[in-house]
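Encoded as structure tokens, the structure appears first; notes follow it.
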Amino acid sequence: MSVPRDSQRIVLAGASSLLGAELKSLLEESRFASWDLSLVDEETVAGTLTEAGGEPAVIQPVEEGTFERAKLIFFTGSAAFTERNLPAARESGAAVIDLSGGALNIPEVQVYFAMEGVGHDADRQKTFYAVPSAPGLATAKLLGALVTAGLSRLSLIFFRPVSEAGRHGIEELESQTTQLLSFQPAGQPVFDTQVAFNLIDRFGRASRENLRSVRDRIRAEAGIAAKRNPVQPSIQVLHAPVFYGYTFVAIAELNSKPSQDALIETCRKAGFTLNSDQNSPLGNLNASGDSAIHLAIPESDPAQPGAWWLWGAADNVRVPASTAIKLAEKLVG
């Protein structure tokens, strides 16, 4: 199906999610502010009253014709929701941009990292794209920066915030914190375990949240980023009892043995925001609301010549959402 050349219609599929809300906000601040924005999502949240462009709006279910005449379609809900609705979205002829991870395993998808030489560039002849998660984008950026310094090994641990589980995850951490401080039993319908005051490697068996699946997605994104790089990074994911923002620790082994100043400049040129004040701590709050990925000053490991420790933070919704906006702007010209 072809899209009218003058179409200015956008469909945001997964509009009730935190990522969907962030993307909607950025669209309203971008060159797409005057475009017609349709908000759709799962039937369980259809009918939810929200706003778009300062006017009341109701989230609709996906129906026959939902994607017709759209120029851009964004998927920001669950991977399962994306997989169910991708065929109809692609059949519409619109440019489809998936942020859910649901399209990563489809061979013809173009994975956009917003980095020259990494993944795929924006091509108006292509209409099917995926934007990686914040950890995937951070890993790609580290690979791109450190390969110029003779990278031989890279290992990362990402600390996942509860907002990755949506509003229900935020509410559960908040309620558990209050209940535990009041010496009351803590409810755990989302994570099936205590997530407040607790750093853990997995959730309870009954939880729909799965850290192994999160890790698998990040590894898949990193694998795509590393296709032109001989180094495949090792990646682990842990739960952190925080509301927003991924943090991560990485150790990189470099053959070139650069100075600290040279490594700082390498990371800065790659697009990282460096926390230049070594006396000021860097945490997830520093990256809140920022499209950039933050790094503390790299520290060498005295026991391992050529090894460097890196500590970073990224807004888990703003970073992928802003990357998707960059891609959309390139695709419409």
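Quick look at the values:
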item	result
Relative intensity, log₁₀ I(q)/I(0), of region 206-333 from a Debye sum that treats every alpha carbon as a point, q = 0.11, 0.12 Å⁻¹	-0.47, -0.57
Solvent accessible area, Å² - residue 201, 1.4 Å probe, full protein context	80
Estimated 222 nm signal from helices in the chain, with DSSP H stretches of n ≥ 4 weighted -39500 (n - 2.57), rounded to 500	-9000 deg cm²/dmol
Residue-wise HN-Hα coupling along region 25-37, computed from phi with Karplus coefficients 6.51, -1.76, 1.60 (Hz; x: Gly, Pro)	4, 5, 4, 6, 9, 9, 5, 8, 4, 8, 6, 7, 10
Degrees between helix 260-269 axis and first principal axis of the chain (Cα, 0 to 90, nearest 10)	10
Near-label residues of region 75-114 by backbone N, under 17 Å of a point 7 Å along Cα→Cβ of residue 216	78-84, 100-107
Centre separation in Å (Cα based) which lies between region 22-78 and region 114-146	24
Solvent exposure ordering (accessible area, 1.4 Å, most first) of 247, 266, 44, 178	44, 178, 266, 247
Heavy-atom accessible area ranking, 1.4 Å probe, most first, across 221, 108	108, 221
Environment charge of residue 10, counting only residues whose C-beta is closer than 10 Å and scoring Lys/Arg +1, Asp/Glu -1	+2
Answer label, with volume of the Cα convex hull per residue in Å³ calculated from the coordinates and candidates (1) 163; (2) 132; (3) 152	(3)
DSSP beta bridges in the chain [antiparallel fraction, %, rounded to 5]	45
Value of relative contact order over the chain, rounded to a whole percent, pairs C-alpha under 8 Å and six or more apart	17
Modelled FRET efficiency - R0 22 Å, residue 278 with residue 256, Cβ distances, 0.05 increments	0.45
Candidates 225, 122, 57, ranked by Gaussian network fluctuation over the chain, Cα under 10 Å, top entry	57
Solvent-accessible ranking of 82, 50, largest area first, probe 1.4 Å	50, 82
Per residue value of the accessible surface for the chain (all protein chains in place, 1.4 Å probe), Å²	48
Of 150, 283, 102, the one that fluctuates the most in a GNM where the chain has Cα springs shorter than 10 Å	150
Residues with amide H under 5 Å from that of residue 198, placed H, sequence gap 5 or more	none
Reachable lysines from residue 269, criterion Cα separation under 27 angstrom, eight or more residues apart if same chain	141, 227, 257, 326, 330
Rel. contact order, % - alpha carbon contacts under 8 angstrom, at least six apart, region 1-150	21
The chain - percent of accessible surface contributed by carbon and sulfur, probe 1.4 Å	47
Inter-part distance where region 273-305 and region 90-111 are each reduced to a Cα centre, Å	33
Table column - 3J(HN,Hα) (Hz), region 88-93, Karplus curve with 6.51, -1.76, 1.60, x for Gly and Pro	5, 5, 5, 5, 5, x
Degrees separating the helix 134-146 axis from the principal Cα axis of the chain, which is the longest one	50
Highest-fluctuation residue, 312, 14, 169 considered, GNM on the chain with Cα pairs under 10 Å	169
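The values are calculated or read from the model by the stated rules, or taken from the named source; none is laboratory data. No experiment lies behind these values; they were computed from the predicted model shown. Using ideal geometry, Cβ is built from the backbone for each residue, glycine included, and neighbour counts are taken over all protein chains shown. Protein only, heavy atoms only, side chains kept; ligands, DNA and RNA dropped before computing areas. Shrake-Rupley method; radii C 1.70, N 1.55, O 1.52, S 1.80 Å.
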